[in-house]
Amino acid sequence: MKYYLIAGERSGDLHGSNLIKAIKQHDPKAEFRVWGGDMMQTAGATLVKHYADMAFMGFWEVAKNLGTISGFLKECKADLLSYRPDVLILIDYAGFNMRMAHFAHESGIKTFYYISPKVWAWNQNRALKLKRDIDRLFVIFPFEKAFFKRFDYEVDYVGNPLFDAIADFSPNPQFLAENHLDPQKPIIALLPGSRRQEVEQMLTVMTSTKAQFPEYQYVIAGVSNLPGELYQPFEKEGIKRVTDDAYNLLSVATAALVTSGTATLETALFEVPQVVCYKTGALSYVIAKQLIRVPYISLVNLVAEKEAVKELIQNEVTTEHLTKELRAVLPNGARREAQLEDYRHVKALLGEKGASEKTGKLMVTYLTEALIA
């Protein structure tokens, strides 16, 4: 069968690549065409557009680039119709993918959604649009199944694919040496995000705390889809960078400063105490504050249903606040052990590995049943 996948960011590319591998196990003749990234391409898909070209963050930032985004949508729709897959599989990336879902529905193309848009966070009536346009929705958090049930929408809870990615990870014993890191000096990991806007917003303030912790070495988790010169000013200050290797970095880190997103949950699953921070454009923040309907921004806290990790948002993201909260989760800090205990609770709630395989098998089963019917 023919599969068309769309993922608009690095985490979606990761989960899409694992999903492609799982589908192949149950449909050996499967063909894949994707809007995604290097990992999906390596898994065997034909890459049409790289997510790096589509990385716009924040309401105002998206609004400024509506013309560009509209062009991408037009291009994607034409390519989808030309390829005419057996199914369109959308991975997160709500703004773009929900529009593609509606187009596919009107065009008579079966559509699956893997990793639901966070409709529970804001504009919850979008759940009705998902119900209208999506043939099957596969969710990765336990609370999502109950949320969609409120809209009389039965969805498949498949577990969290981060467990698969982390289970497949083997630490590199030469990581410190290969990256010229001091084995005698503990590490504070900086995870500023995978979008240019995130990195530009967050790295300066993250690194501003370095003088307060001279006994630690600061290491940036960089990504290859962003230009290296974005990180160079910080490297000139003696801060190290590793590229596309966040898992190895987390495996040796003592604590982390993390931009809100999937990385907060990854950091928790590696049991690295963290401070979550998020900052966007002033107008985007004002809009978001009016629309958000959940009490937390980090996935860790949303799953735990409590403030397991400290969240610093917008004007709270200062050197003083970051220093205070980071000190609290370092060894002998006031909140380190409590946070680690909350991590264990989050892990228990999310289950175990197997989400990718389960989802791939379900998708092939649903498609096969539809062909037989």
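The values are calculated or read from the model by the stated rules, or taken from the named source; none is laboratory data. Just so you know, these numbers come straight off a predicted model, no measurement behind them. Ideal geometry is used to build each Cβ from the backbone, glycine not excepted, and the neighbour counts take in all protein chains shown. For the accessible areas, the whole protein counts, side chains as well, though only heavy atoms, and no ligand, DNA or RNA atoms are used. Shrake-Rupley method; radii C 1.70, N 1.55, O 1.52, S 1.80 Å.
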Query raised in the report: Relative to the first principal axis of the alpha-carbon coordinates of the chain, what is the inclination of helix 355-372, with its axis defined by its Cα atoms, in degrees from 0 to 90 and to the nearest 10?
Result: 10 degrees
**Report entry** Heavy atoms of ASP245 accessible to a 1.4 Å probe, total area in Å² rounded to 10
**Finding:** 40 Å²
Report summary line: Dipole check, the stretch 88-233, charges on Cβ (K,R +1; D,E -1), about Cα centroid: among PRO142, LEU191, SER170 the Cα furthest to the positive pole belongs to PRO142
Query raised in the report: What are the radius of gyration and Dmax of the stretch 113-154, computed over its Cα atoms and given in Å?
Result: 9.0, 22
**Report entry** For the stretch 29-43, 3J(HN,Hα) per residue [Karplus equation, 6.51 cos²θ - 1.76 cosθ + 1.60, θ = phi - 60°, Hz, x = Gly/Pro]
**Finding:** 9, 4, 10, 10, 10, 9, 9, x, x, 4, 5, 5, 5, 4, 6
Query raised in the report: Cα-based Rg of the stretch 154-229 per 2.2 N^0.38 Å, rounded to two decimals?
Result: 1.44
Query raised in the report: Magnitude of the Cβ-charge dipole of the chain, K/R +1 and D/E -1, about the Cα centre, nearest 20 debye?
Result: 840 debye
Query raised in the report: Hey, what does the equivalent ellipsoid look like for the chain, semi-axes from the Cα gyration tensor as sqrt of 5 times each eigenvalue, largest first, whole Å?
Result: 35, 22, 21
Query raised in the report: Taking Cα pairs under 8 Å and at least six residues apart, what relative contact order does the stretch 140-287 come out at, in percent?
Result: 23 percent
Query raised in the report: Carbon and sulfur: what percent of the stretch 72-186's accessible surface (1.4 Å probe)?
Result: 51 percent
Report summary line: When all Cα-Cα pair distances of the stretch 332-373 are considered, the percent exceeding 14 Å is 67 percent
Query - Residue-normalised accessible area of the chain, expressed per residue, 1.4 Å probe, Å² - result: 44 Å²
Requested in this report: Place the peptides 225-236, 125-136, 189-200 in order of packing, highest mean first, counting for every residue the other Cβ atoms within 10 Å and averaging per peptide.
Outcome: 189-200, 125-136, 225-236
Query raised in the report: Hey, what do the phi angles of the stretch 78-85 turn into as Karplus ³J(HN,Hα) couplings, whole Hz, using 6.51/-1.76/1.60 and θ = phi - 60°, x for Gly and Pro?
Result: 5, 5, 4, 5, 5, 6, 6, x
Query raised in the report: Along the Cα-to-C-beta direction of ASN125, a point sits 7 Å from the Cα; which residues of the stretch 135-155 have their amide N less than 20 Å from that point?
Result: 147-153
Report summary line: Compactness check, the stretch 83-222: C-alpha Rg relative to the 2.2 N^0.38 Å globular estimate gives 1.45
Report task. Kindly sort ARG10, ARG99 by accessible area of their heavy atoms, largest first, with the probe set to 1.4 Å. Result -> ARG99, ARG10
**Report entry** Rounded tilt (10° steps) of 94-106 against the dominant C-alpha axis of the chain
**Finding:** 0 degrees
Report summary line: Residues meeting the amide H criterion for VAL87 (H placed from the backbone, H to H distance under 5 Å, 5 or more places apart or on another chain) are LYS2, TYR4
Query raised in the report: Under a 5 Å amide H to amide H cut-off, with H placed in plane at 1.01 Å, what residues pair with LEU312 once short-range neighbours are removed?
Result: VAL276, CYS277, TYR278
Query raised in the report: ³J(HN,Hα) across the stretch 308-317 via Karplus (A = 6.51, B = -1.76, C = 1.60, θ = phi - 60°), whole Hz, x for Gly/Pro?
Result: 6, 10, 6, 10, 10, 10, 6, 5, 6, 7
Report task. Using only Cα atoms, tell me the angle between helix 336-350 and the longest principal axis of the chain; keep it within 0 to 90° and round to the nearest 10. Result -> 10 degrees
Requested in this report: Before rounding to the nearest 500, sum -39500 (n - 2.57) across all DSSP H runs of length at least 4 in the chain and divide by the residue total; then give [θ] at 222 nm in deg cm²/dmol.
Outcome: -13500 deg cm²/dmol
